[in-house]
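Participant: Submitted below is the structure of interest, expressed as structure tokens.
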Amino acid sequence: MKKRILISILLILFTVSCGFKVLDTSLGSNFFIKDIKTIGEKRINFKIKNKLLLNTSKTQERIIVVNLNTVKKKSIKEKNIKNEITKYQLDITVNVKYNQTNGNKSDSFVVSKSGDYSASNQYSQILNNEKTLIETLTDELAEDILNRLISSLNDL
């Protein structure tokens, strides 16, 4: 009985102290975005730009310049037997390049999201479905870009 207790205590001690550290992104960003230059879809870039600028602090000493190149691709996903479109697929790809002004670090990465929305009999309903999907995908893209910037600028 004592052996089982001793073995379980030792097992817990060895597994708990493995040295794994979780990356804490709740501390916020440690950089300031001086300028964001955009190419491509204006509405998507505007929303991403506002989210990125909202989550940076002017008191930080790392100053970066970000370039965003956004491409939106809309395609037909499904058709029914009557050859009518029932679903559309929307792919948004953002090519992000950043340069650190007071250092020599620069990098680029690509973030992509896709989703689909259903077609309707009314054209206005199709536009509303597309607009809500763009809002959702843009929020996810902005979060991904911010997380990638934080992780790449925090590398040792």
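The values are calculated or read from the model by the stated rules, or taken from the named source; none is laboratory data. Predicted model only: the values in this text are computed from it and were never measured. FYI the Cβ positions are ideal-geometry reconstructions off the backbone, even for glycines, and counts take in every protein chain you see.
Participant: Can you say whether residue 139 is modelled with pLDDT of 90 or more and either exposed (fewer than 14 other Cβ atoms within 10 Å of the Cβ) or not in a helix (DSSP H, G or I) (or both), as far as the supplied structure shows?
Facilitator: For residue 139, the condition - modelled with pLDDT of 90 or more and either exposed (fewer than 14 other Cβ atoms within 10 Å of the Cβ) or not in a helix (DSSP H, G or I) (or both) - is not met.
Participant: Pairs needed: first member in the range 20-46, closer than 18 Å to residue 138 by Cβ; second member anywhere, part of a loop (DSSP other than H, G, I, E, B) and at pLDDT 75 or above; C-beta distance under 8 Å; at least 6 residues apart or different chains.
Facilitator: 33/56
Participant: While we're here: Does residue 125 satisfy being surrounded by fewer than 16 Cβ atoms within 10 Å (Cβ to Cβ) and in a helix (DSSP H, G or I)?
Facilitator: yes
Participant: Taking only pairs six or more apart or across chains, which ones have beta-carbon atoms under 8 Å, a first residue in the range 92-112 that is closer than 24 Å to residue 41 by Cα, and a second residue that is of a type in the set (A, V, I, L, M) and modelled with pLDDT under 90?
Facilitator: 96/149; 98/64; 98/149; 99/64
Participant: If you don't mind, there's one more thing I want to ask. Which residue out of 82, 131 is part of a loop (DSSP other than H, G, I, E, B), without any contact (Cβ under 8 Å) to a residue 12 or more places away in the chain, loosely packed, with under 14 Cβ neighbours inside 10 Å and over 15 Å from the mean Cα position of the chain (by Cα)?
Facilitator: 82
Participant: Give the residues of the range 59-107 that are over 19 Å from residue 147 (Cβ atoms) and of a type in the set (Gly, Ala, Ser), sorted by residue number.
Facilitator: 75, 103
Participant: Hey, among the residues in the range 35-79 that are of a type outside the set (Lys, Arg) and in a helix (DSSP H, G or I), which one's surrounded by the fewest Cβ atoms within 10 Å (Cβ to Cβ)?
Facilitator: Ranking the candidates gives 54 first.
Participant: Does residue 154 satisfy the criteria of being in contact with a strand residue (DSSP E or B) (Cβ under 9 Å, 6 or more places away or on another chain) and surrounded by fewer than 15 Cβ atoms within 10 Å (Cβ to Cβ)?
Facilitator: no
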